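Have a look at the structure below, then the notes.
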Amino acid sequence: MGSVSLKIGEGTARFKRASVCSSAVNLLMLFSVITTNLFALYAFTYHPTSLHHNHYPKNISLISEKVSLILREIESSQKKLAQMEKDLLGYESIDLSKPNLAKELKEFLTRHQLPLGKDSRTGITEMVASVGHSCEKSTDLLSQFMNYKVNGLCPDDWSLGQKLILQGCEPLPRRRCFAKTIPKVGLQPFPLSLWNNVSEKSLSWSGIGCKNLACLNSKKLNRDCAGCFDITHGYETQRYVKARSKNDFYIDDVLAMSSGGVRTSFDLGGGSGTFAARMAERNLTVVTATLNVDAPFNEFIAARGLFPLYISLDSRFPFYDNVFDLVHVANGLDVGGRPEKLEFLMFDIDRVVRAGGLFWLDNYYCSSEDKRKALTRLIERFGYKKLKWVVGEKVNGAGNSEVYLSAVLQKPVRS
């Protein structure tokens with residue numbers, strides 16, 4: 001069973017699709033109605049052979065009891081049918097009868113029948129709100145997120161929304177309030193914006209420990225972002241054009257490996273957007289997927305004149321199949337948890353790369369030999385051609401040796 005997305009005005013709604021399963025439900029409902037009607041007919045037309053006037057009260061009581069029994073059976077059947085419909089649809093809706101749910105949340109999640117009935121082309125019968133299934137486990141936080149004044153200013157609660165996303169509540173429900181605006185002062189024209197720091201006043205620092213770029217650059221925010229907000233003097237000015245180890249590939253060398261050329265790319269967990277900036281210098285289009293974990297990554301990337309996509313790596317990529325010439329990922333591939341979680345991510349990466357396109361694994365940290373072997377076995381399952389494969393060691397700040405894997409792989413043509 002599935003759903004389809006249709007653009008309606010400025011929004012996107014999911015709709016229930018009629019199917020063989022829904023037809024089975026309709027037949028079951030019809031059978032239930034016929035059965036209960038037969039019970040009712042029997043109850044009201046049955047007359048005992050020896051009926052006397054003084055038995056009327058007893059007979060009325062008996063009929064009333066049977067009617068109550070029929071009503072209970074009808075109610076039970078309706079509940080079973082509702083649950084069957086949920087099972088057939090493949091998802092469990094949030095229970096809107098729960099107490100203390102925000103009014104706006106109920107309004108957003110309430111289903112709406114199409115005004116002209118069933119659509120003859122698609123089989124659509126009603127509008128269903130698009131919201132992550134894991135939101136069911138975070139209804140208190142979700143209700144807090146949806147508690148705002150309609151047509152007023154949204155609360156400054158982006159960190160709450162991000163917390164919901166990281167808990168699997170994705171996509172978040174839309175809201176009918178105005179997001180906080182920040183004057184974008186000191187923005188540079190493109191392409192000067194690629195390598196000029198933006199004004200700190202144009203970034204949002206709410207919900208973030210650091211309140212300026214100097215603080216961010218003094219920290220190692222993650223393995224791919226140590227001082228990555230210094231795009232004028234730091235190592236970011238050398239990334240992809242100068243190598244510090246054999247695991248660092250030159251961007252022009254990688255682009256030259258592509259059959260058919262590179263036009264569009266997808267960067268997962270792209271830090272402050274330096275990979276996208278290098279590609280933009282070569283007139284190539286890149287979408288950078290990132291969240292604002294401990295830093296205003298999205299705003300900073302946008303200020304550089306690049307395209308940030310605010311999405312977690314647990315979400316299915318919102319792109320059609322075979323659309324990117326290259327996908328670049330570093331330690332964003334380390335999703336943790338069960339091996340199946342990494343498999344789901346790898347299959348989605350494979351889905352959006354075109355046949356003959358490139359998958360660039362950039363300085364992936366192998367915390368153990370078993371982890372490296374497991375990733376290697378997984379990659380080999382996809383049948384990619386290894387254009388470049390380097391396993392090297394680096395010494396970290398504590399003086400310990402760490403193993404990293406860098407590779408450029410080419411997606412095969414599959415029949």
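Quick one: in the stretch 192-410, what % of C-alpha pairs are over 22 Å apart? Percent of Cα pairs beyond 22 Å in the stretch 192-410: 50.
Straight Cα distances below 27 angstrom link LYS106 to the lysines LYS7, LYS16, LYS79, LYS80, LYS86, LYS98, LYS118, LYS137, LYS149, LYS163, LYS180, with same-chain residues fewer than 8 positions distant left out.
From least to most packed, judged by other beta carbons within 10 angstrom and beginning with the fewest, THR122, THR264 follow the order THR122, THR264.
The fewest-to-most ranking of ASP334, ASP140, ASP325, ASP362 by surrounding Cβ atoms within 10 Å reads ASP140, ASP334, ASP325, ASP362.
Computed from the C-beta positions of GLU281 and ASN100 and an R0 of 45 Å, the FRET efficiency is 0.30 to the nearest 0.05.
With neighbour counts taken as other beta-carbon atoms within 10 Å, the residues CYS228, CYS215 rank, fewest first, as CYS215, CYS228. Note on the stretch 320-413: Kirkwood hydrodynamic radius from all Cα pairs is 13.8 Å, rounded to one decimal. A simple charge model with +1 on the Cβ of Lys and Arg, -1 on the Cβ of Asp and Glu and nothing else charged puts the dipole of the stretch 253-359 at about 240 debye relative to its Cα centre. Cross-link partners of LYS242 among lysines, defined as those whose alpha carbon lies under 17 angstrom from its own and excluding same-chain residues fewer than eight positions apart: LYS394.
Entry note, the stretch 192-410: relative contact order of 18 percent, from Cα contacts under 8 Å with a spacing of 6+ residues. When both the stretch 231-282 and the stretch 155-204 are represented by their alpha-carbon centers, they are found 24 Å apart. Using R0 = 30 Å, the C-beta based FRET efficiency linking LYS201 and ARG174 works out to 0.55.
Every number here is computed from the coordinates shown, using simple stated rules; none is lab data. None of these values were measured; they are calculated from a predicted model. Reconstructed Cβ throughout: ideal geometry from the backbone, glycine too, with neighbour counts over all protein chains shown.
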